[in-house]
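Worksheet for the structure shown next.
The values are calculated or read from the model by the stated rules, or taken from the named source; none is laboratory data. As the structure is a computational prediction, the values presented were derived from the model and not from experiment. Reconstructed Cβ throughout: ideal geometry from the backbone, glycine too, with neighbour counts over all protein chains shown. Ligands, DNA and RNA are stripped out before the accessible areas are found, and what is left, the full protein with its side chains, is counted by its heavy atoms. Shrake-Rupley method; radii C 1.70, N 1.55, O 1.52, S 1.80 Å.
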Amino acid sequence: MKMIAPSILSADGGRLSQEIQAVEKAGADWIHVDVMDGQFVPNITMGPAIISAVRKATKLPFDVHLMIKNPENYIGAFADAGADYITVHVEAASHLHRTLGLIRKAGKKAGVSLNPATPLCLVEEILPEIDLLLIMSVNPGFGGQKFIESSLAKIKKAADMIAGLTQKPLLEVDGGVNLQNISSIAGAGADVLVAGAAVFGTPDYAQTITALKAAANRA
Ligand code: DX5
Ligand code: ZN
């Protein structure tokens, strides 16, 4: 079964806990949390304090996507805040292997993310050791952007690389996923589909998530 992870970047920030509960009730599998520092990406969002506050709203896994420079300095803080998956960008972590070790040591699932222009060969050696590979299908920084079509080939390639492994990380895709393209993205091999605007921009979350799941699983 393909999983849907609504990104709370597109939720109503003044009612974050209620929004999280609403998507849980609507059938979300994970809650995707976008952390931006204004350095690695040109936007600033939330940190550990907010995550810790809204963590109480749900028991669903928190999928924390760190779009920050030097993520190694903040692994403990995000682990304590209640993250289940902590994903760092290969472009932002100078000692990726060590950073992933810190995530594991904190008892959390370790993820690695790649920007659209970053080649998959950069994660080839680390792939057997991670829990999640996150392919960005937009340039990170903002919700509501258009899916970059060339990401489909990259997703297929990543899925092939993963298929050859004994210990397989989940393959997640983030950026511009919607009802029109989710079937091809899932068909290319994505296990977890992040959706921000495509969920929170609609009036009926349950109807939307049901439709997204149906389309993803038809793939
Ligand atoms: C982009 C973020 C995404 C974003 C996805 O930098 O990492 O998680 O919120 O939003 P949509 O689905 O609207 O592209
Ligand atoms: Zn994200």
Notebook entry, point to check: Which helices pass in the chain if a helix is a full DSSP H run, must span at least 15 angstrom along its long axis by Cα, and must have mean Kyte-Doolittle hydropathy not below 0.0?
Noted result: 151-163
Check: What does the charge count near Asn43 come to, summing +1 for each Lys or Arg and -1 for each Asp or Glu among other residues with Cβ under 10 Å from its Cβ?
Finding: -2
Next item on the list: Specify the inter-centroid distance of the range 3-75 and the range 174-203, based on alpha-carbon positions, in whole Å.
Entry: 17 Å
Item checked: Using distinct alpha-carbon pairs, which all enter the 1/r mean, Kirkwood radius of the range 92-162 in Å -> 13.2 Å
Margin query: Give me the percent of accessible area attributable to carbon and sulfur for the range 140-193, probe 1.4 angstrom.
Written below: 55 percent
Note to self: Per DSSP helix of 4 or more residues, -39500 (n - 2.57); summed, then divided by the residues of the chain. What does that give at 222 nm, rounded to the nearest 500?
What the structure shows: -9500 deg cm²/dmol
Margin query: With an 8 Å Cα cut-off and a minimum separation of 6 or more residues, compute the relative contact order for the range 82-186 in percent.
Written below: 25 percent
Checklist line | Net charge contributed by nearby residues that have their C-beta within less than 12 Å of Val138 (K/R +1, D/E -1) | finding: -2
Notebook entry, point to check: How many times 2.2 N^0.38 Å is the alpha carbon radius of gyration of the range 90-219?
Noted result: 1.07
Margin query: Greater than 32 Å separation of Cα atoms is the criterion. Which listed pairs, Lys109/Lys157; Lys56/Lys105; Lys25/Lys69; Lys109/Lys146; Lys59/Lys168, meet it?
Written below: Lys25/Lys69
Next item on the list: Quantify, in whole percent, the carbon and sulfur part of the accessible surface of the range 1-82 (1.4 Å probe; protein heavy atoms only).
Entry: 51 percent
Next item on the list: Rank-order 184-197, 8-21 by packing density, defined as the average count of other C-beta atoms within 10 Å over each peptide's residues, highest first.
Entry: 184-197, 8-21
Checklist line | Residue-normalised accessible area of the chain, expressed per residue, 1.4 Å probe, Å² | finding: 44 Å²
Notebook entry, point to check: What is the local net charge at Phe200, summed over the other residues whose Cβ is closer than 13 Å to its Cβ (Lys, Arg +1; Asp, Glu -1)?
Noted result: -3
Item checked: Binned Cα-Cα distances of the chain, short to long, each 5 Å bin given as a whole percent -> 1, 8, 17, 21, 22, 17, 11, 4, 0
Item checked: Residues with amide H under 5 Å from that of His89, placed H, sequence gap 5 or more -> Ile68, Ser113
